[in-house]
Amino acid sequence: EISCSLVGSEMCIRDSLLSGEDNEFFCKVMGKVHLCGFTEFAPVKHYIAKERMTVKWFTRRYFYEGITQYHRFGISEYLKNFLQLPLRIVRLCLVIFTFDKEKIVARFFKVVMNIGTVLAPLILTVR
């Protein structure tokens with residue numbers, strides 16, 4: 001019997017902003033002989049603290065998501081993000097002139113995540 005909880009990933013997000021435990025759990029379960037599935041129709045009510053609804057918090061969250069991607073996937077993820085970063089910065093600069101707030105925000109957070117992945121080797125070795 002397998003029981004799971006997202007408390008682990010939430011604790012991780014609160015403590016260090018590194019993530020991915022839920023993905024690792026899913027991969028481990030899928031590697032076993034257990035039957036499991038996913039549905040997008042399972043309602044989840046989740047309280048989000050006011051402090052987590054700020055641009056500053058989301059910026060940090062996306063930055064650490066980039067670090068998590070490097071931590072999980074290694075050098076190949078680093079190289080991909082290193083090569084994508086200049087193009088993503090150019091795309092962000094260009095989309096600013098569209099005045100489309102949703103596109104600007106989406107591009108901004110992609111750049112932030114890329115920067116997190118590119119700086120991850122430095123950050124993880126310092127810790």
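Every number here is computed from the coordinates shown, using simple stated rules; none is lab data. Everything numeric here is computed off the predicted structure, so don't read it as measured data. Cβ placement follows ideal geometry from the backbone for every residue including glycine, while neighbour counts extend to all protein chains displayed.
Mind checking the full-extension length gain between ARG91 and ALA49? Use 0.36 nm per residue of separation minus the Cα-Cα distance, one decimal, nm.
Difference between extended and current length: 11.9 nm.
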Completion exercise
Which of LYS45/LYS103; LYS80/LYS101; LYS56/LYS103 exceed 23 Å between C-alpha atoms? The answer is LYS45/LYS103; LYS80/LYS101
Completion exercise
Neighbours of ASN114 by Cβ distance under 10 Å: Lys/Arg at +1, Asp/Glu at -1, summed charge +3
Practice task
Kindly rank 109-116, 49-56, 78-85 from highest to lowest mean number of other beta carbons found within 10 Å of each residue.
Solution key: 109-116, 78-85, 49-56
